[in-house]
Structure formats: C-alpha cells, structure tokens
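The numbers here are math on the coordinates, done by the rules we state, and not lab data. On a predicted model such as this, the values are computed, not experimentally measured, just so you know. Cβ coordinates were reconstructed from backbone atoms using ideal geometry, including for glycine residues, and neighbour counts include every protein chain displayed.
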Amino acid sequence: MKINDKNLAAFASSGGQVDKEGILMKRGDGSSKGFSKRWFVLKGNLLFYFEKRSDREPIGVIILEGSTVELAETEHEEHFCFKIVFPSRSYVLSAESQASMEQWMKALACASYDYVKLMAAELQRQLDELCRGKVWNILHIDGN
C-alpha cells in the first residue's frame, strides 16, 4: 500500500487509537534554532505534530521506525529536552516537566520498530524457557 499526504492526514485526524498526545516544544531546523509549541499525537510508530490541538491536518509526521530516543543537552536548564535520533538526522523536543519528558521518551522508544523487535525476541526466549521447563517436568514425572 502506498501512503501519501492525504492518507497520513486522514489517519492523523481519525478517531482511532491514540497512544499518547500532548504539547511539546519542537526545535526548528535550518537557521531558526528556537523552539515552537506544537500538539503531538502518537499513533503506532507515527508521531504527528500540529500547530494547534484543534487543527485537522498535521504540519508534519515523524516515522519512528529505526529511531532511538535519547536525552538532549541544552543550554537552558529549565528545558526538559530529549531527541529522536536517526542515522541521518535528529529531532529535538522539549517537555513541560521531567515526568512528562520521561513519559514521552518511554512511549516513543516503545513505538520504534527496534524496540518491538527486541520485545518479541525476549518474549520468544521466555516462551522457549517455559517450554523447556514443561518438557523437563513431563520427563521427570514420567520417569518416576
């Protein structure tokens, strides 16, 4: 399926499951390195951002697949900054509080494909361990 801007905008404003939403400050790209207040909506591994909460169409989307989430250093101590890091670029965001920053970082890290892959591998390891334990128990019970 090919995704285009109209599909993304429709998905962003649809009434579907929202994993997290709220206000974050986004550092500008290019020559303007100041922060702009934006309304963010996380749906799956798509992070949409809007100029205002009431907007119907996002002004941007960050596809989180393959990203990592890290603390970001800033010259302003009152900013609770973190960044979404890709091999070719980073997005610097700032939350209103330490707690909000931690919640956003956890939600974004959980949305990246690498995290899902890691969790699937861990669940598979636990399942294999349980199965080995049941086989041992069955052999042990049958042996007595």
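From the backbone phi of the stretch 6-14, what are the Karplus-calculated ³J(HN,Hα) couplings (6.51 cos²θ - 1.76 cosθ + 1.60, θ = phi - 60°) in whole Hz, Gly and Pro given as x?
So the Karplus estimates, Gly and Pro as x, are 5, 4, 5, 5, 5, 5, 4, 9, 5 Hz.
Within the set of other residues whose C-beta is less than 10 Å from the C-beta of LEU93, count the net charge using Lys and Arg as +1 and Asp and Glu as -1.
Neighbourhood net charge equals +4.
Report the calculated FRET efficiency for ALA10 and ARG132 (r = Cβ-Cβ distance, R0 = 35 Å), to the nearest 0.05.
So the FRET efficiency works out to roughly 0.15.
Enumerate the amide H contacts of ILE59 below 5 Å, restricted to partners 5 or more residues apart or on another chain; note that Pro and chain-start residues carry no placed amide H.
Counting only residues 5 or more places away or on other chains, the set is TYR49, PHE50, GLU51.
Which pairs break 19 Å Cα to Cα here: LYS26/LYS52; LYS20/LYS106; LYS6/LYS83; LYS20/LYS52?
LYS6/LYS83
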